[in-house]
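Data first, discussion second: the structure below is written as structure tokens.
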Amino acid sequence: MSTVRQRAAAPPPTAPSPPPTPPPTTIVPAAMSLGVLPNLYLLWTLLHLPSSTLTTCARIFIGVNAFRCIFPNRYNNNIVLRDTILSSIFFTRLLATFSEVSWLIMLSEVARDLNAATTQCDIINLLADTLPPICVLAQCFVWSSIILHTDSLMFFEEFSWFLMFVINTGLNIAFLYHGNRSTLVILSLVHGALYLPWQTLHLKYILSLDDPPFSLSIVTISRILAGLKRAVWYRKRSVVREDWGGWIGESWMFCYWLLMPIWLATMAWEYEKVAAF
């Protein structure tokens, strides 16, 4: 008797895989374009003040922030909103270097003047004088991070900012303790109370990035030249929220490009009031 070989049953058809879920996007970089308007208004008000170190530094900072509102970018992975040479990481960082050093020159000069009017303490003057050099050190860290393409050096840059505002907040606590309740003192204390906890979270975020520790072995002429070329020419247009640093990056853009200019303009206005008497 012959046997009949039965065919194996065909497997049931599998359902097609669902398309991957697109990553969350952000509108904050595009919305920051509106920030050019208050920055230009602040700049216009400062143009009517007599020229001084404070007003010049405030104009530089606010003017650069107005530019950055239109051409936002993020150094990590060269993220940009608008794919144009004006969004170049190199060009933006060059402008930011001058604006940030100007900012700390302002804080140093304000602290020295408040010290002369309040405590007249040599140690306070010495601490105030450290602010611009620490800012220059921070610029060295961020430039090295961009050129060598390593996020690990960003930690040292951001820690330098943390240190600067620990010093500035401490100085203004001393002024408040000695009875100075001026707008300049209060604004510095408010900034310190908000910024220092935020920066602590920011530093933890940087440590969480998947980036190998810095090693001197990566410092080579070829890598430096490649990094400079990358900073000038390479751009990745994106509206993906993670590319912009999530809530850390979004809050940084809003506070830095919109709120900090108000603080610096107020410092210049307050000095003009004093000079008018």
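Side notes on the structure shown:
- Kirkwood-Stokes translational diffusion coefficient of the chain, alpha-carbon pairs, 20 °C, 1.002 mPa s, µm²/s: 101
- For region 150-204 versus region 33-58, the gap between their alpha-carbon centres in whole angstrom: 23
- In order through region 134-149: 3J(HN,Hα) via Karplus (6.51 cos²θ - 1.76 cosθ + 1.60), integer Hz, x for Gly, Pro: 5, 5, 4, 4, 4, 5, 4, 5, 6, 5, 5, 5, 5, 5, 8, 6
- In order through region 53-61: 3J(HN,Hα) via Karplus (6.51 cos²θ - 1.76 cosθ + 1.60), integer Hz, x for Gly, Pro: 4, 5, 5, 5, 5, 5, 4, 4, 4
- Cross-link reach list, aspartates and glutamates versus residue 273, counting only Cα pairs under 16 Å and skipping chain neighbours closer than eight places: 113
- Residue-wise HN-Hα couplings along region 35-42, as the Karplus relation 6.51 cos²θ - 1.76 cosθ + 1.60 with θ = phi - 60° gives them from phi, are x, 5, 5, x, 5, 5, 5, 4 Hz; Gly and Pro carry x.
- Ordering of 247-253, 71-77 by packing [mean C-beta count within 10 Å, highest first]: 71-77, 247-253
Taken together, the values in this text are just the output of simple stated rules run on the coordinates, not laboratory data. Fair warning: this is a prediction, and the values are worked out from it, not measured in the lab. Every residue, glycine as well, gets a Cβ built from its backbone with ideal geometry; the counts of neighbours run over all protein chains shown.
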